[in-house]
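These notes are about the structure you will find just below.
The values are calculated or read from the model by the stated rules, or taken from the named source; none is laboratory data. Keep in mind that this is a model prediction, so the values were computed, not measured. Neighbour counts run over all protein chains shown; Cβ positions are idealised from the backbone, glycine included. Remember, those area values only see protein heavy atoms, side chains included, never the ligands or the DNA or RNA. Shrake-Rupley method; radii C 1.70, N 1.55, O 1.52, S 1.80 Å.
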Protein chains: 2
Amino acid sequence: MQKEHNLSKNQKIIFDLIDKSGEPMKAYSILFNVQKKGIKAPLQVYRALDKLVEIGKIHKIESRNAFIACQNSSCQVSKATAFSICESCENVSEISNSKLSKYLSNFSDDSGMKYSKYNLEFFGLCKKCKSK
Amino acid sequence: MQKEHNLSKNQKIIFDLIDKSGEPMKAYSILFNVQKKGIKAPLQVYRALDKLVEIGKIHKIESRNAFIACQNSSCQVSKATAFSICESCENVSEISNSKLSKYLSNFSDDSGMKYSKYNLEFFGLCKKCKSK
DNA sequence: AACGTTATGTAATAATATAACATTTATAAG
DNA sequence: CTTATAAATGTTATATTATTACATAACGTT
């Protein structure tokens, strides 16, 4: 059962924007888009982003410094994320593949480390861009 | 057989520094460290870093905006990278696990994308930090 | 109501990265 | 060896991404 997180005002404004856009958004582009709603400073954006990442409503695409809404309803926390990224059109989508996530969540090597989290980014050309 | 890349002067200075440090280094820390060698501007550092990443001599740890020397002698190009990162002491090491790299290099889903590259970052606590 | 926690507002600044342009050095082809 | 081309360098300025510090307000318990 999913814990209901009551988003605060700023968190809600920023989540809704990212969610509606459907694609990765950068912090300052978010800022620009929410200024009419009274959010004026970068820090207000970053604080909301931090919280939204923490509770798994959005994920950060590390290689792009951008944030995308979680596309996986069962994903409560950002502790096991995988994305496919088109290097031409920059389309990003979240990969939900249970085999992959099982494989990675159970992965261990001889370092003695127990991994509690991972982030994976695949790069390539999407269907559209390949056929150009 | 490995293609020999003749590093240029700046590339060599910067690679040697990162390689000797044995840990991830940030661009401006690199800059600070090579100023005595005549490298004065961020761009000189970033250009060398770009090239070194391109030829696989170093990798970028995306979640940390830092660069580490490749620890895997067979790694010619940065197209299949995996790291373990301790969230407490920030120790980073490159994972060379042939099963893992095979699994990920061959991974495909139903998106129609053919992935040519990936980057994976595992997070957790290293042995030392766990026992504290 | 009193307390602790979470969120907000605001200004300043730090840290990371790139654009634009001029020049020099290395590589390769004739 | 010299011309052409690509790769690397030098330099200044600026863009982009992110955090520190401090003050105030709202929320959730008990």
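Observations
- Label point 7 Å beyond Cα along the C-beta direction, distances from A:Tyr28 to other copies (nm, shortest first): 1.5
- Contact surface A-B: accessible area buried, both sides summed, square angstrom, 1.4 angstrom probe: 2800 Å²
- Coarse-grained scattering of the protein assembly as shown at q = 0.13 Å⁻¹, given as base-10 log I(q)/I(0) from a Debye sum over alpha-carbon atoms: -0.98
- For chain A: rounded, prolate or oblate by the Cα gyration tensor [a/c cutoff 1.5]: oblate
- Here B:Lys99 yields copy-to-copy label distances, from shortest upward, of 1.6 nm, the label point defined as 7 Å from Cα along Cα to C-beta.
- Global form of segment B:80-130, assessed from the alpha-carbon gyration tensor, a/c cut-off 1.5: prolate
- Each helix, a run of at least 4 DSSP H residues, gives -39500 (n - 2.57); summed and divided by the residues of chain A, these come to -10000 deg cm²/dmol at 222 nm.
- Sorted from shortest to longest, the distances between the B:Asp16 label points of this copy and the other copies are 5.9 nm, with each point 7 Å from Cα along the line through the beta carbon.
- Segment B:1-62: C-alpha gyration tensor shape, a/c 1.5 cut-off, then a/b vs b/c: prolate
- Restricting attention to chain B, close to 55% of DSSP beta bridges with both partner residues there are antiparallel.
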